[in-house]
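Here is the structure we will look at.
The values are calculated or read from the model by the stated rules, or taken from the named source; none is laboratory data. Since the model is a prediction, treat every value here as computed from it, not as a measurement. Every residue, glycine as well, gets a Cβ built from its backbone with ideal geometry; the counts of neighbours run over all protein chains shown.
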Amino acid sequence: MAGELNIKGLKRRDDLMEVVDESPFTELQLVASKVLPEAPVKRASAQVPVKPVGNGKKVEDTRRATGGGFNRGSWKLDERSYITAVKGFEEGYDTIDDTVVQTEINLDQDNECAILARNTVLIARESRVASKVYDTAVFTGADYNLTPATKWDNAADIKADIVAGANKIKARFGVSQRQLSLTLNPTTIDIILDQTSVKESIKYVSDSGVPMELMTQEAQVAFLAKYLRVGEIIVVESLADSNDLGVDGSDFVDLWNPAYAMLAYTSKTPSFRSAGLGVQPVFTPYAADIRFDEYDNKATSQHIIRASEYRGEYINKEFGFLFTDILS
C-alpha cells in the first residue's frame, strides 16, 4: 500500500537534501528549532537520568571541620522520559510517458516534490511544537500560567506581568529575567509598541535615537526586549493554510496563537541533561533531520518522493511560564 513505512523498492535520496537546502522556505518564518532545539538521541525512546533542578546552586558550608573533612552533597538522580516517532509526507507525479524529454522533466519534478514534501513536514513540526509550548493542560495553575487582569492591548502594566512570570521561574531555577526568552506574535508586538507609555520610553531605552516608526522590524523587537527587560523576543509568525487537501482557495491561520505568550529559559546546549524549556529529541540512526526516499507506485503509474523525520517533543514546564488570553 502506498504510504507504508517500509515499501518494496524504497530508495534513499540523500542527493535531494542539497536541492532542498538551496530552496529554503524563509517566508514561513519557522522557529520551532529555536524554541525547542534539536537534541540527537541514539534510541527511539528512553529514560534519561538527570540532576534535580537547583543542585550546584546552593549556599553550603565549605569550611573544613577540625580533624575532619568537608561537607558532601546528597541528592538522587531524577528521570526524564522521551518518545520519538516517524512522521512524513509524500508527493508524486505521473510516469506514463517514458520519453527522454519526459525523463528530464521528471528530474525537475523530483526536486519540486522534495521541496513540497519537506515544506509540509516542517509546517507540521512547527504546529506540534507550538501546541506543546502553548499547552494549558501542562502549564496550569498560578505558578505556571497567568491570564492578565488587564489585557496587553489596553495599556496594561505589561512589565508587571512579565516580572510576575519571571519571578516564578527564578524561584524554581534561579535565573534572572534578562536571561529569559519571550515568544510574541507580530500582531501582539505591534499592539504593545503602539501604546503611549512604550513609545515615550524609547528615548530612554533605545541607543539609536531613531523614532520607533522609522526603525526596522529587528530594531523594534530589540527595543521591546530591552523595554520588557528580557533576554530576547522570539517572533512567532508562521502561517499555514487551514483548508484540507483538494480544497480550492486558501485560508491561512497562525500556527502560534496570537493571544498567548511563553516566557521561558530556553536550552542553550540541547540535551536532556541541560536546563531549558525543552528539546526535540531526534533519532539520528534514522536521519539527522529530514530524510528523503523514493519509490514507484505501479498501481497508479506514479513516482513518489517521501520526506520523513524521526523525532518527538519534550517539555519541562519548570523552565516556562505561559501567558494566556493577553488580547481583548
> Of all the residues that make up segment 161-176, how many are part of a helix (DSSP H, G or I), aliphatic (A, V, I, L, M) and surrounded by fewer than 19 Cβ atoms within 10 Å (Cβ to Cβ)?
Replying inline: 3
> Out of curiosity, is SER271 surrounded by fewer than 24 Cβ atoms within 10 Å (Cβ to Cβ), more than 30 Å from ASP94 (Cβ to Cβ) and small (Gly, Ala, Ser)?
Replying inline: yes
> Going by the conditions given, is VAL205 under 16 Å from ARG178 (Cβ atoms), of a type in the set (A, V, I, L, M, F, W, C) and modelled with pLDDT under 90?
Replying inline: yes
> Inside segment 274-327, can you point out the residues that are in a loop (DSSP other than H, G, I, E, B), among the β-branched types (Val, Ile, Thr) and crowded, with 18+ Cβ neighbours inside 10 Å?
Replying inline: ILE290, ILE326
>> Of everything in segment 292-312, what is of a type in the set (D, E, K, R) and either at pLDDT below 95 or touching a His at 6+ places or on another chain (Cβ under 8 Å) (or both)? Give them in sequence order.
In response: GLU294, ASP296, LYS298
> Counting just the residues of segment 237-262 that are small (Gly, Ala, Ser), part of a loop (DSSP other than H, G, I, E, B) and closer than 26 Å to ASP161 by Cα, which one comes out modelled with the highest pLDDT?
Replying inline: ALA259
>> Every residue in segment 177-202 that is hydroxyl-bearing (Ser, Thr, Tyr), outside any loop (DSSP other than H, G, I, E, B) and surrounded by 15 or more Cβ atoms within 10 Å (Cβ to Cβ), please.
In response: SER181, THR183, THR188
> Taking into account only those residues within segment 1-30 that are under 20 Å from the mean Cα position of the chain (by Cα) and either within 12 Å of TYR295 (Cβ to Cβ) or at pLDDT 75 or above (or both), which is surrounded by the fewest Cβ atoms within 10 Å (Cβ to Cβ)?
Replying inline: GLN29
>> Please verify whether VAL221 is closer than 30 Å to ARG311 by Cβ and in contact (Cβ under 8 Å) with a residue 40 or more places away in the chain, treating the condition exactly as stated.
In response: no
> Under 6 Å by Cβ, and 6 or more places apart or on different chains, what pairs join a residue from segment 132-151 that is at positive phi with one that is of a type in the set (A, V, I, L, M, F, W, C)?
Replying inline: none
> Picking from ILE234, ILE162, ILE189, which residue would you name as being closer than 20 Å to LEU36 by Cβ and at pLDDT 90 or above?
Replying inline: ILE234
